[in-house]
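Okay, so here's the structure we're looking at.
The values are calculated or read from the model by the stated rules, or taken from the named source; none is laboratory data. Nothing here was measured: the structure is a model prediction, and the numbers come from that model. All Cβ positions, even for glycine, are placed from backbone atoms using ideal geometry, and neighbour counts span all protein chains on display. Only protein heavy atoms, including side chains, enter the accessible area calculation; ligands, DNA and RNA are left aside. Shrake-Rupley method; radii C 1.70, N 1.55, O 1.52, S 1.80 Å.
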Amino acid sequence: MTLDQLRLFIAVAEREHVTAASRAMNVTQSAVSAAIAALEERYGVRLFDRVGRGIRLSEAGHLFLPEARAVVAQAAAAENVLDEISGLKRGTLRAVASQTIAAYWIPSILVAFRRKYPQITVELAVSNTEEAAKKVREGEAELGIVEAIVDDPALAQWPLGKDHLTIVQADAGVPEHADREWLRRQVWVMREPGSGTRATLEHYLLRLGIAPDELNVSLVLPSNESVRTAVEAGAGIAALSSLVVAPSLVAGTLHAASEVPESRFFYGLRHKERYRSPAADAFVEMIDLANRGHGPQPQSGRQT
């Protein structure tokens, strides 16, 4: 049976008149009669008794009517859910962001999105770039925001924002120029392989003619905060996002030895073949507006 058949049956049952039902439902009398006949023939029951030129619900029709109403009501409820999802009145956005983005760049946009769409739940996972791409590829997250280009043909990626790395140390005696030889001589604290921060630093070092395995690495740590804290304690130097080190530079617990002279982009990730929800589209649009200066600004590490 179909929903249309059920709706037409209910219309006839409520009016006990085919013509009145056809007018109410804006269909032809023959369409109404065909729908009733199809139900009766399919299940081998008579839903209406023909009394003279009128019709009355049969015993089977009386029993069937509340069930038909319940099915149509449930279908209407399901339609309302889809309407609410498309209208951003209900739903869940599952996203994943790399550490720098989740902790420093995007919180203000998350707050603004929640204020604009209070019925949308945002579930934000935090992973490094490599792990975030895996979550999007495997469908654990619809939207990813990461710190480096991902080599994965299943994923669409595009720039959403940008940042730069700052090389920092605890010692206030920073060199006037952190050249190649100075960088080679230092003890380094690094993020783990797979992080966008590390990938950006290694790309920069290769441009200077420094192979990453030439570096004297004392610690490899899994978060920006652990790297920053270790450097503040004197464990070595590190390259971290300007967003991460800005408070420490202001407080004087870290000192900038050099800035990596090229911006790095933050990239959006989506699976090319999976459904794009209205909530994810709205969130990306809010980020775009923020970058154009028409919405809540992502937090910045630049000091004025």
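What's the extension gain from VAL111 to ARG274 if we count 0.36 nm per residue and subtract their Cα-Cα distance?
Working: separation 163, 0.36 × 163 = 58.68 nm, distance 2.64 nm.
56.0 nm is the gain from fully extending VAL111 to ARG274.
How much accessible area per residue does segment 3-87 have, in Å², with a 1.4 Å probe? Write out the running numbers ahead of the final one.
Values: 5280 Å² over 85 residues.
Spelled out: the 1.4 Å probe surface of segment 3-87, per residue, equals 62 Å².
Under the convention that each Lys and Arg Cβ holds +1 and each Asp and Glu Cβ holds -1, the size of the dipole of the chain around its Cα centre is about 1100 debye.
So which DSSP H runs in the chain come out at 24 Å plus along the axis (Cα) with average Kyte-Doolittle of at least -0.5? Provide the component values of the computation, followed by the final result.
Values: long enough: 59-86 (41 Å, 0.38).
Helices passing the filter in the chain: 59-86.
Report summary: the helix-based calculation at 222 nm, which adds -39500 (n - 2.57) for every DSSP H run with n ≥ 4 and divides by the residues of the chain, gives -13500 deg cm²/dmol. Most simply put, segment 163-262 has about 55% antiparallel DSSP beta bridges, counting only bridges with both residues inside it.
Here the chain has 51 percent of its accessible surface on carbon and sulfur atoms, given a 1.4 Å probe and all protein chains in place. Compared with the alpha-carbon gap, the fully stretched path from ARG15 to VAL126 is longer by 34.1 nm at 0.36 nm per residue. Note on segment 50-93: percent of Cα-Cα distances in each 10 Å bin, starting at 0 and stopping at the bin with the largest distance, equals 24, 27, 21, 16, 10, 2.
For segment 154-208, would you read off the P(r) tail past 15 Å as a percentage of all alpha carbon pairs? Numbers along the way, then the final one.
Details: 918 of 1485 pairs.
Everything past 15 Å amounts to 62 percent.
Take every pair of alpha-carbon atoms less than 8 Å apart whose residues are at least six positions apart; their mean separation over the length of segment 163-262 yields a relative contact order of 51 percent. The largest-to-smallest principal axis extents of the Cα set in segment 36-178 are 105, 34, 19 Å. A probe of 1.4 angstrom, applied to the heavy atoms of all protein chains, finds MET190 with accessible area near 10 square angstrom.
Where both bridge residues fall in the chain, DSSP classifies roughly 60% of the beta bridges as antiparallel. Summarising the amide proton neighbourhood of PHE266: residues at separation of 5 or more, or on other chains, whose placed amide H is nearer than 5 Å comprise LEU160, GLY161, LYS162, ASP163. Cα centroids of segment 247-269 and segment 179-203: 13 Å apart. Over the chain, the reciprocal of the mean inverse Cα-Cα separation, the Kirkwood hydrodynamic radius, stands at 23.8 Å.
Length available on full extension from SER263 to SER58: 0.36 nm per residue minus the Cα-Cα distance, which gives 66.1 nm.
The distance linking segment 110-173 with segment 9-72 is 56 Å (Cα centroid to Cα centroid, whole angstrom). Across segment 163-262, the fraction of Cα-Cα pairs farther apart than 23 Å, rounded to a whole number, is 13%.
Over segment 104-174, Cα pairs under 8 Å with separation of 6+ residues give a relative contact order of 18 percent. A simple spin-label model places pseudo-atoms 7 Å from Cα toward Cβ; at LEU219 and GLU181 they are separated by 2.9 nm.
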